[in-house]
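Scroll down for the structure; my scribbles are underneath it.
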Amino acid sequence: MRWSVIIAASLAILLVVALRWFWPSDRVQPPLVEIPDARFDYILSDFTARFTDPQGRIELLVSGPRLEHDSNVRIATMEQPRFEVRPETDHWTGRSDTGHFERDEDLLILQDNVVLTQPLDDGELTIESQALQHDRQARTISTTTSVEVHRPGTWLRAGGLMITLDKDLIELSNHVQVQSQTVPGRDPDGVDGADRR
């Protein structure tokens, strides 16, 4: 008797499950959630962007009044960008009229009236060009356009430039011209005129 009751109960449960399976439901299936495309366009005003090295130290700061990102080409264009290349051992600051980030290549492209400066013990080194490129991966700043370099007592012009940041090395190329001036009050040995005896 007991087996017949167990079998009958099992069949009843199976029948209910089968009917429920095939019976139309009033409930609506929840819609599938789609993950949104992470790429998007945006515009920033008075922005500051910080880029860090693998150890978490800031190696590049970029700021400006406006940045506009185009997700299709993954390029962020900037108006009047200002930038700092760190650490302090190769600290450079600069500005330009326009610029853009090429995110896939990790490049900062600066264009139109680019001025790059580095403090020196005897003054300031200034580089002027119509275009400069900072490659974060290679740790270089370069241009293949005309460039002028000024430092106290020296003026240089060239058709190209390469700065290797980790070595603090500047290389000029293509028709390099140099003009050297004597700093007033200083003799060629570097002794101030007032201290000469």
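The values are calculated or read from the model by the stated rules, or taken from the named source; none is laboratory data. Computed from a predicted model, the values in this text were never measured in an experiment. We place every Cβ from the backbone using ideal geometry, glycine too, and count neighbours over all the protein chains shown.
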Legend entry - So Gln118, is it under 24 Å from Ile58 (Cβ atoms), in contact (Cβ under 8 Å) with a residue 12 or more places away in the chain and not in a strand (DSSP E or B): no
Inset, instruction - Just name the residue that is nearest to Gly99 (Cα to Cα) out of those in the range 41-70 that are free of Cβ contacts under 8 Å to residues at least 24 places away in the same chain and of a type in the set (Ser, Thr, Tyr). - result: Ser63
Legend entry - The listed residue being surrounded by 14 or more Cβ atoms within 10 Å (Cβ to Cβ), touching a strand residue (DSSP E or B) at 6+ places or on another chain (Cβ under 7 Å) and within 17 Å of Leu60 (Cα to Cα), out of Leu107, Leu125: Leu107
Inset, instruction - Report the residue count in the range 128-176 for those that are in a strand (DSSP E or B) and in contact with a Gly (Cβ under 8 Å, 6 or more places away or on another chain). - result: 7
Legend entry - Hey, Val114 at negative phi, crowded, with 20+ Cβ neighbours inside 10 Å and of a type in the set (Val, Ile, Thr) or not: yes
Legend entry - Among (1) surrounded by fewer than 16 Cβ atoms within 10 Å (Cβ to Cβ); (2) at pLDDT below 90; (3) touching a Lys or Arg at 6+ places or on another chain (Cβ under 6 Å), the one test that Leu165 misses: (1)
